[in-house]
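What follows is a short report on a single structure.
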Amino acid sequence: MSSTLIASALIAALGGLLFGYDTVVISGTNDALVRVFDLSSKTLGITVAIALIGTVFGSIFAGRPADVWGRKKALVLVAILYLVTSLGTALAWDWYSFLFFRFWGGVAVGAASVVSPLYIAEISPARFRGRLVAVQQFNICLGILLAQLINYGIARLSLGENEWRWMLGVLAIPSFAFLVLVLPTLESPRWLIGRGRDDEARAALLRLGVDGGGVDQEVAEIRSSIDPEHLKKGNSLFRPAYRIPVMLAIAIAMFNQLSGINAVLYYAPKIFGMANVAKDAALLNAVAVGTTNLVFTMLAMLVIDHFGRRALMLAGSIGYILGLGITALAFYTYGGNFTGPGIALVLGGLLLFIAAHAFGQGAVIWVFISEIFPNRVRADGQALGSTTHWVMAAIIAGIFPYELEILGPGTTFAIYMVMMFIQLLWVLFIMPETKGVPLEEMEKKLGIG
């Protein structure tokens, strides 16, 4: 694996670190925002949700600039958005300006979820692609932990009324670093070949490495996958020829959120509170959830290119079912009268659930979506998968408090368990293995004409 390839992948994956930080940092500022902007519970909900709405728009529209301007320029645009919006939210002069910058920060998150894994997949030889794209998910988890730790550290400094501004503004530092580092990176050789810039693509492939057979053979195979005969048929993602990858991308993105993962991450202290865990202990347990997420993502990165995507999804699906089943059983059994064993059961069930997610879906989703679409529609396919993910995230996270209130936590977690049993069947009978398959051969494997 060349040093240029490693450096390029790590730089692109910084978009994931900013993605994780920006998504979670708001949790440490809620009380201050209520005071400063005189928010009600309804307007606080809007304030928190506005970034999630932005992610949907960012994921929908990121594919087009990535195709027209190039993957590298799209990453530069993402870095600029992160930098401007982090400073904007920190310096917001009223609620409306805060909403404006938080929305565009969400757009940056949504765009990063499309462009970063897309770029990494296109620069990576097949034998390294899984672990390199999975760096994106690792950085998301790392960004979440960093947000929690920085929020805690800033709170300990007792900076007064401007504390929340520092929490949000700190993101400008890694955003600026991302912008500076991404400027000299190589453009995707697959995008260059699609624009007829074969000499630049050869130079890039020489530095990045190829799957085998030499640079000229690699260029020829990429050129064949985007030849004029294919382009004459039209580039619409929703042509019948692309039905299989479209359905696969939508399915894996929907299952990712039907597990309830975002609900657990966003509401972990509340869930532990329902199990009669004291507030301080609930926050500590929430940190344990985040740490487990990071550790098992690292383990998945080590083996994803050895065991394959399906093996990780199978293990993750079984872990999901067990973890959610244990959690549901604990709430059914103990109700509102939790004792030590019941609390331990909830914590154990949720940690198993998080570990299963990090080792399975969390590590696989962005890798799998970035692999299954042909070169000529890969950006649009990545956008479709990311948009599905974010729309489902908004729905699941939005209805979770109502599920708890109406159905109770036991039934809520049981529903997620059933969804994961359906995912297990999907993995067993439908999901194809993509490990080690060059991107140009993937369409043959999936029967794309």
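Table for the structure above
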{"quantity": "Near pairs, Cβ below 6 angstrom, 6+ apart or cross-chain, from region 397-425 (touching a residue at least 12 places away in the same chain (Cβ under 8 Å) and more than 21 Å from L345 (Cβ to Cβ)) to any residue that is of a type outside the set (A, V, I, L, M, F, W, C) and assigned to a helix (DSSP H, G or I)", "calculated": "A397/N262; A397/Y266; Q423/S317; L424/S317"}
{"quantity": "Residue within region 79-100 that is assigned by TED's automatic domain parsing to the domain that holds S175, within 24 Å of S236 (Cα to Cα) and in contact (Cβ under 8 Å) with a residue 40 or more places away in the chain present", "calculated": "no"}
{"quantity": "Residues of region 128-175 satisfying the condition of being aromatic (F, W, Y) and closer than 24 Å to L81 by Cβ", "calculated": "F138, W164, W166"}
{"quantity": "Subset of region 306-351 [free of Cβ contacts under 8 Å to residues at least 40 places away in the same chain and either within 15 Å of L424 (Cα to Cα) or not assigned by TED's automatic domain parsing to the domain that holds I422 (or both)]", "calculated": "A311, L322, G323"}
{"quantity": "Residue tally, condition of a type in the set (S, T, Y) and surrounded by fewer than 21 Cβ atoms within 10 Å (Cβ to Cβ), over region 81-105", "calculated": "2"}
{"quantity": "Subset of region 326-384 (residues that are hydroxyl-bearing (S, T, Y) and outside any loop (DSSP other than H, G, I, E, B))", "calculated": "T327, Y332, T333, Y334, S370"}
{"quantity": "Members of region 299-331 that are more than 17 Å from F368 (Cβ to Cβ), surrounded by fewer than 24 Cβ atoms within 10 Å (Cβ to Cβ) and within 22 Å of the chain's Cα centre (by Cα)", "calculated": "L299, L302, I318, G319, I321"}
{"quantity": "Residue within region 61-80 that is modelled with pLDDT under 85, among the small types (G, A, S) and surrounded by fewer than 18 Cβ atoms within 10 Å (Cβ to Cβ) present", "calculated": "no"}
{"quantity": "Scope region 115-126; condition in contact with a Gly (Cβ under 6 Å, 6 or more places away or on another chain) and assigned to a helix (DSSP H, G or I); matching residues", "calculated": "S116, A126"}
{"quantity": "Candidates L350, L404, filtered to the one that is at pLDDT below 90, within 17 Å of K270 (Cβ to Cβ) and aliphatic (A, V, I, L, M)", "calculated": "L404"}
{"quantity": "Which listed residue is over 19 Å from I144 (Cα atoms), of a type in the set (S, T, Y) and part of a helix (DSSP H, G or I), from T43, T23, T55", "calculated": "T43"}
{"quantity": "Residue ID - surrounded by the fewest Cβ atoms within 10 Å (Cβ to Cβ), chosen from residues in region 3-37 that are closer than 20 Å to L118 by Cβ and small (G, A, S)", "calculated": "A7"}
{"quantity": "Search result, residues across region 394-449 that are of a type in the set (S, T, Y), in a helix (DSSP H, G or I) and out of contact with any Ser or Thr (no Cβ under 9 Å at 6 or more places or on another chain)", "calculated": "Y402, T411, T412"}
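Yes or no, residue by residue, for (1) hydrophobic (A, V, I, L, M, F, W, C); (2) crowded, with 17+ Cβ neighbours inside 10 Å; (3) under 30 Å from S86 (Cα atoms); (4) at pLDDT 80 or above:
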site: A126; (1), (2), (3), (4): yes, yes, no, no
site: V182; (1), (2), (3), (4): yes, yes, yes, yes
site: L192; (1), (2), (3), (4): yes, yes, no, yes
site: L206; (1), (2), (3), (4): yes, no, no, yes
site: P228; (1), (2), (3), (4): no, no, no, no
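The values are calculated or read from the model by the stated rules, or taken from the named source; none is laboratory data. Quick caveat: nothing in here was measured; it's all calculated off a predicted structure. Here the Cβ is made from the backbone with ideal geometry for all residues, glycine too, and neighbour counts use every protein chain on show.
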